[in-house]
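Worksheet: the structure to be examined is printed underneath.
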Amino acid sequence: MKERFETFTVLINRVSRNMRKIKMHEMEEYGLRSAHMTCLYYLYDSDRMTATELAERCEEDKATVSRAIEHLEINGFLTHKSRGAKRYKSPLILTKKGRKLGKMISEKVNLIVRQASEGLTEEETDAFYRAFSIISDNLQKIADNSSIRGNDMLTGETQQKNGIIPIFFSTDDNYIPFLDVAITSLIENASKEYNYKLIVLNTGLDPENVAKVMKNARDGFDIEFVNIDEQLEDIKAKLKNVYHFSIVTYYRLFIASLFPEYDKALYLDSDLVVTGDISELYNYDLGDNILGACPEEFVQNTPEFRIYAEKALGVDPDTYVNAGVLVMNLAQFRKNKIEKKFIKLITKYDFDLLDPDQAYLNYLCRDKILVLPNGWNKEPFPIECEGKKNIVHYALYKKPWQYDDTPDGEHFWEYAKRSAFYDTILKRKESFSDAERAEKEAAGSEILEHALKIVESDETFLKKL
């Protein structure tokens with residue numbers, strides 16, 4: 001049974017991945033993406049659907065379909081027939097250009113379906129689709145029953161326990177072992193008076209790694225992996241003036257628009273352990289502030305970083321915060337158009353930054369950040385902890401899975417021993433070479449010099465904005 005599950009999971013992921021590749025390849029010359037292709041296919045098959053009906057037919061969330069429709073309309077592939085009705089209830093009509101492309105897509109889909117079935121007889125193909133349909137329906141029933149149980153909990157005892165706390169992470173396969181340690185620690189110390197929704201943002205992960213992390217799921221702790229690669233395709237193209245950081249660094253900036261169902265959430269980096277009750281962090285009253293965050297200890301206590309914050313970014317170093325632990329007022333994030341302002345800045349300017357996402361958040365949210373006690377994001381810097389040490393954050397280069405003398409490293413290993421990735425983490429530590437150690441330590445010195453070079457540059461927030 002275990003082998004069947006693993007085979008099924010791997011094959012489903014492989015099919016999904018290949019389908020995305022085919023869609024992206026076919027739509028590339030038109031400047032369209034996978035979601036656009038799906039919408040055109042269904043609209044050609046059944047014209048005059050509303051946006052709501054199209055979302056149901058595609059089995060996509062309304063936000064994704066809404067963005068796809070807007071893009072297709074701007075580029076002349078479809079139009080609305082409103083007749084005074086609300087926009088999302090008005091029929092969507094393909095233009096001549098849209099019908100031509102829709103026809104091509106329909107023909108291409110039929111060809112791909114035939115090619116994918118090569119080697120199977122007609123009877124075998126029919127049997128496969130019948131079996132696959134039954135499996136899909138059975139999984140839907142299981143999911144629906146799980147949802148009903150969850151709703152029963154919320155309408156009964158759990159609703160009295162104050163509902164659901166959404167907590168976002170982002171990761172890749174390189175960091176997923178440490179994400180697992182963070183989740184292990186969070187679950188162990190969280191109050192059971194709440195339900196928690198842990199959402200892991202990613203752009204594709206090894207199914208075996210995902211399966212290991214999913215073992216942490218239990219009553220009160222739901223875990224969901226959300227691949228946002230497709231949703232960010234248009235945005236990725238605009239992130240052209242980025243220093244040397246991956247787009248993964250920026251995921252937290254898009255949570256407000258990608259998850260409109262939430263008005264408040266937590267964001268946590270993967271290189272930390274939670275030693276306190278995470279619900280207490282969520283329950284901070286932000287008022288009209290956009291963020292709640294802890295002081296960036298390295299910036300506040302390093303002369304070069306203080307100069308960088310003040311002279312390059314125009315932000316008071318004493319109120320500069322670390323973006324690895326955030327209480328996010330998503331309603332205010334949207335109201336203040338933080339994502340839109342970020343896209344505008346990163347598109348227009350070529351800023352060289354030490355901490356891209358963190359720099360932008362500090363700048364764009366300045367004067368609207370509730371500074372929290374550093375016990376909620378204690379970095380390995382030799383200053384006093386304010387209150388209980390609730391979160392230990394292994395910021396910058398000295399990680400406990402590489403160094404024996406990392407401050408507060410014992411907290412990491414306490415939870416790493418309970419992680420499904422413990423052996424993997426031990427092997428990582430054993431393989432960390434002297435050359436890698438020397439390179440990291442040299443980078444630690446170079447970043448200080450770089451901070452001062454940025455200050456002297458003509459391309460800084462303070463000089464351009």
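Every read-out reported here was derived from the displayed coordinates using simple, explicitly stated rules and does not represent laboratory data. Because the structure is predicted, anything quoted here is derived from the model rather than measured. Using ideal geometry, Cβ is built from the backbone for each residue, glycine included, and neighbour counts are taken over all protein chains shown.
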Here, Glu386 and Asp367, labelled 7 Å along Cα→Cβ, have an inter-label distance in nm of 2.1 nm
For peptides 353-364, 97-108, 248-259, sequence by mean Cβ density within 10 Å, most packed first: 353-364, 248-259, 97-108
Fraction of the pair-distance distribution of the chain above 40 Å, Cα-Cα pairs, percent: 28 percent
Considering only C-alpha atoms, what is the centroid distance from segment 413-441 to segment 334-370, in Å? 33 Å
Given a Förster distance of 30 Å, report the FRET efficiency between Ser133 and Lys21 from their Cβ-Cβ distance, rounded to the nearest 0.05. 0.75
Starting from the 7 Å offset along Cα-to-Cβ, what nm value, one decimal, do you get for the label separation of Lys103 and Asn301? 7.0 nm
With +1 on each Lys and Arg Cβ and -1 on each Asp and Glu Cβ, how big is the dipole of segment 163-464 about its Cα centre, in debye rounded to the nearest 20? 800 debye
Burial ranking of peptide ranges 219-229, 260-270 (average Cβ count within 10 Å, highest at the top): 260-270, 219-229
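To the nearest 0.05, how large is the calculated FRET efficiency for Glu439 and Ser46 if R₀ is 56 Å and r is the Cβ-Cβ distance?
0.45
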Work out the length of the dipole vector of segment 333-445 about its Cα centre, built from +1 on the beta-carbon of each Lys and Arg and -1 on the beta-carbon of each Asp and Glu, and round it to the nearest 20 debye. 920 debye
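If each residue of separation counts as 0.36 nm, what is the full-extension length gain between Ser457 and Asp350 once their alpha-carbon separation is subtracted?
Answer, rounded to one decimal: 37.4 nm.
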Alpha carbon Rg of segment 402-465, scaled by the compact-globule rule 2.2 N^0.38 Å: 1.71
Violating pairs (Cα-Cα greater than 26 angstrom) within the set Lys212/Lys427; Lys344/Lys398; Lys335/Lys464; Lys96/Lys337; Lys23/Lys141; Lys264/Lys368: Lys344/Lys398; Lys96/Lys337; Lys23/Lys141
Please state the shape class of segment 272-411: rounded when a/c is under 1.5, otherwise prolate if a/b exceeds b/c and oblate if not, all from the C-alpha gyration tensor. oblate
What is the distance, in nm, between label points placed 7 Å from the Cα along the Cα-to-Cβ direction at Leu426 and at Ala211? 2.2 nm
Going by the alpha-carbon gyration tensor, a ≥ b ≥ c the square roots of its eigenvalues, is segment 2-116 rounded (a/c under 1.5) or, if a/c is not under 1.5, prolate (a/b greater than b/c) versus oblate? prolate
